[in-house]
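Working notes, beginning with the structure itself.
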Amino acid sequence: MTETDNKTRYGRIVVIFIALAIVIAAFVLFITMNNERISEQNTKYLQGSTEQSARRISEWMTDSQTEIKLLSSMYESTLSSVDEISADGIEQLANYTKFDYTTISLADGRTIDDRGQVADASDREYFVRGFEGESGVCAVDNSLFYDDLSVVFYTPLFFEGDVVGVISGAYREDSMEKFLRTYIFGEQTNTYLLARNGDVMAHSSITYTNGVKNAVDLYLEEDSSGNISRNDLESSLENGVSVTFNYVGDSGSGTAYVMPIENYDWLIMRTFPNSITDGMQSRANAVGLMLVALVGGALALVAGFLLVQVMRQRRKLLSESEHVTSIVNSSLALFQRFAVIDLVDNTYEYLKDEGIKDDLPRNGEYHMFRYYWQTRFCDDEEAERMKAELMPEFIRENLTPDVSHLHFEYRLKDPETDEVRWLQASMLPLQRDAAKQVTSVLLSVQDVTDVKEREIANRIALEDAFREAERASRAKTDFLNSMSHDIRTPMNSIMGLTAIASMYLDDPERVKDCLTKITASSRHLLGLINEVLDMAKIESGNLGLSEEDFDLPETVESLLSIMTPQVNDKKLNLKVEIADIQ
């Protein structure tokens with residue numbers, strides 16, 4: 001393995017490790033951003049959920065306050081004296097309320113519930129405030145009759161304008177737990193009703209007995225609670241300002257959100273355990289990991305597919321390249337020379353220079369190329385023509401964008417053997433500038449001497465054939481011109497004799513003479529027609545002579561019989577005397 005191969009191999013390994021590091025970094029960044037997104041999303045969800053519960057609790061407290069006042073008003077309307085206050089009366093009214101239990105307290109502190117139980121409430125907040133004429137709500141850690149946490153709504157009972165008692169309705173701990181209980185994403189979260197000092201007034205947690213008594217007890221250390229400090233938390237609770245902080249409790253850590261309840265001095269606090277956030281982040285990260293794995297697998301499949309395609313394409317290209325190379329090599333055999341001419345730098349370079357002596361280099365200045373070939377043309381006229389056609393200006397002017405090639409044909413003479421060769425050259429544009437003017441061309445030269453010689457021989461043969469056809473045509477014309485007069489003569493004779501015979505039908509001897517002469521003229525005409533139909537004689541332009549015996553007086557007589565009708569038509573007198581002819 002060479003040093004270059006080693007460098008290539010190490011380079012590929014480095015690229016693979018860099019790509020792997022990028023993928024790992026991208027996944028870590030994805031997890032970080034995803035965790036932050038989920039935490040922020042859950043915080044917003046916690047705030048929205050708490051705000052909805054705060055509105056619901058405010059409406060519930062207002063409804064409960066109205067209900068206890070209505071109960072007091074109804075009870076007052078049934079009294080005719082203070083002595084009529086009893087357990088039976090409060091029991092009957094309690095049937096119309098939703099409270100867990102209802103009580104009435106008298107001026108001496110004696111308190112009776114709707115079941116007839118009696119206890120002393122003189123030390124209770126609602127008793128004191130009620131006899132002061134106030135209505136409101138308070139929470140107690142242990143109620144008079146059930147010794148558990150209760151939320152008590154109270155209002156004074158008036159008789160003839162004086163406060164004679166306090167009526168209260170209470171919700172016990174179990175009812176408050178059910179009322180405040182909330183589930184987020186299928187998991188129960190804790191909800192607390194707080195006083196402004198942070199004390200827990202009611203809660204939804206079934207583990208409250210082992211839980212906290214004040215919201216500040218849930219506060220994590222400052223360095224892990226975000227931007228809020230313990231003092232800021234206490235101040236926010238006291239002033240009734242919404243606040244978010246991290247907490248830790250017996251059931252784990254998470255995020256808590258506190259906000260005031262409208263129209264009341266109480267606060268609502270809801271916690272969002274980290275277990276929910278962690279579960280959501282784990283599921284999202286698992287989905288992300290699965291997505292990365294799927295994407296990686298898909299990329300691997302795509303890469304494999306592309307690799308297979310590349311290999312197939314490479315094999316196909318190699319096959320096509322070999323095929324094209326064989327075609328090009330076969331085509332190159334048809335050409336003697338290939339040269340690339342740069343019209344900008346005025347240089348040339350031969351790619352194939354078959355038949356060129358060493359006096360012309362394979363590359364060099366273009367003007368040397370033109371001078372070399374101009375000295376080898378057969379005549380000065382052809383040299384001047386090719387000199388103009390090889391000029392760069394001529395090539396640029398004629399190789400326009402709509403012209404695919406230039407074509408030349410010329411003759412060269414070998415200075416040593418004086419042998420003349422016909423060559424055919426073609427110029428094809430290789431490159432053009434921005435103005436579409438050609439800047440370089442490919443010059444290909446092919447020896448067409450054999451083709452040209454056959455072409456010349458064929459042309460000469462065609463010229464000879466043309467001359468022979470022309471001569472034959474003239475012979476036919478001359479023959480037909482001469483024969484037309486000879487044919488017309490016996491025809492006129494036949495027509496004249498026929499006319500004479502028709503005039504002398506009553507003279508048999510005259511008719512017989514005419515028919516004899518018509519017969520002679522017809523035979524003469526038939527002979528002429530046979531001569532005309534003899535194409536060989538027409539093409540040669542000559543009539544052959546045959547040697548045979550004939551009767552001269554009879555022949556002369558026949559000629560006279562043929563010519564007599566025409567002589568008579570012209571009112572001429574023809575006299576022929578034949579005597580003693582052997």
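The values are calculated or read from the model by the stated rules, or taken from the named source; none is laboratory data. Computed from a predicted model, the values in this text were never measured in an experiment. All Cβ positions, even for glycine, are placed from backbone atoms using ideal geometry, and neighbour counts span all protein chains on display.
Checking the conditions here, which among Asn34, Asn95, Asn42 is loosely packed, with under 12 Cβ neighbours inside 10 Å and over 18 Å from Tyr126 (Cβ atoms)? It would help to see each step written out before you state the result.
Numbers: Asn34 fails: loosely packed, with under 12 Cβ neighbours inside 10 Å; Asn42 fails: loosely packed, with under 12 Cβ neighbours inside 10 Å.
Just one listed residue meets the conditions, Asn95.
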Checklist entry - Are there any pairs, at least 6 apart or on different chains, whose C-beta atoms fall under 7 Å, with the first in segment 485-500 and over 10 Å from Ser521 (Cα atoms) and the second among the β-branched types (Val, Ile, Thr), and if so, which? => result Thr498/Ile518
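When the residues of segment 429-446 are filtered to those that are small (Gly, Ala, Ser) and not in a loop (DSSP other than H, G, I, E, B), which remaining residue is farthest from Leu351 (Cα to Cα)? Explain how you work it out, then say what you get.
Pass one, segment 429-446, residues small (Gly, Ala, Ser): 434-435, 440, 444.
Next cut, not in a loop (DSSP other than H, G, I, E, B) only: 440, 444.
Values: Ser440: 14, Ser444: 10 Å.
Here the answer is Ser440.
What do you reckon, is Val28 of a type in the set (Val, Ile, Thr), in contact with a Gly (Cβ under 8 Å, 6 or more places away or on another chain) and at pLDDT 70 or above? Working first, answer last.
Values: of a type in the set (Val, Ile, Thr): yes; in contact with a Gly (Cβ under 8 Å, 6 or more places away or on another chain): no; at pLDDT 70 or above: yes.
Against the criterion (of a type in the set (Val, Ile, Thr), in contact with a Gly (Cβ under 8 Å, 6 or more places away or on another chain) and at pLDDT 70 or above), Val28 does not qualify.
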Item to check | Odd one out for Ala170, checked against (1) buried (at least 16 other Cβ atoms within 10 Å of the Cβ); (2) at pLDDT below 90; (3) part of a strand (DSSP E or B) | outcome: (2)
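May I ask you to say which residue of Glu547, Glu531, Glu554 is surrounded by fewer than 16 Cβ atoms within 10 Å (Cβ to Cβ) and at pLDDT below 75? Give the derivation first.
On the way: Glu547 fails: at pLDDT below 75; Glu531 fails: surrounded by fewer than 16 Cβ atoms within 10 Å (Cβ to Cβ).
Being surrounded by fewer than 16 Cβ atoms within 10 Å (Cβ to Cβ) and at pLDDT below 75 holds for just one of Glu547, Glu531, Glu554, which is Glu554.
Within segment 213-222, does at least one residue satisfy the condition of being part of a helix (DSSP H, G or I) and either modelled with pLDDT of 85 or more or β-branched (Val, Ile, Thr) (or both)?
From segment 213-222, those part of a helix (DSSP H, G or I) are 215-218, 222; that's our starting set.
Within this subset, residues satisfying the condition of being either modelled with pLDDT of 85 or more or β-branched (Val, Ile, Thr) (or both) are 216.
Checked segment 213-222: at least one residue is part of a helix (DSSP H, G or I) and either modelled with pLDDT of 85 or more or β-branched (Val, Ile, Thr) (or both).
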Checklist entry - Arg421 fails exactly one of the following numbered conditions: (1) surrounded by 17 or more Cβ atoms within 10 Å (Cβ to Cβ); (2) modelled with pLDDT of 80 or more; (3) touching a Ser or Thr at 6+ places or on another chain (Cβ under 7 Å); (4) not acidic (Asp, Glu). What is the number of that condition? => result (2)
Checklist entry - Can you tell which of Val140, Val216, Val200 is under 21 Å from Leu233 (Cβ atoms), surrounded by fewer than 19 Cβ atoms within 10 Å (Cβ to Cβ) and without any contact (Cβ under 8 Å) to a residue 60 or more places away in the chain? => result Val216
Item to check | Test: Thr111 is without any contact (Cβ under 8 Å) to a residue 60 or more places away in the chain, within 13 Å of Ile167 (Cβ to Cβ) and in the same structural domain as Phe145 (by TED's automatic domain parsing) | outcome: yes
Next on the checklist: So Arg196 ticks every box in (1) among the basic types (Lys, Arg); (2) within 60 Å of the chain's Cα centre (by Cα); (3) farther than 18 Å from Asp63 by Cβ but one. Which box is left unticked?
Outcome noted: (2)
Checklist entry - Yes or no: Glu238 farther than 30 Å from Phe30 by Cβ, out of contact with any strand residue (DSSP E or B) (no Cβ under 7 Å at 6 or more places or on another chain), surrounded by fewer than 16 Cβ atoms within 10 Å (Cβ to Cβ) and at pLDDT 65 or above? => result yes
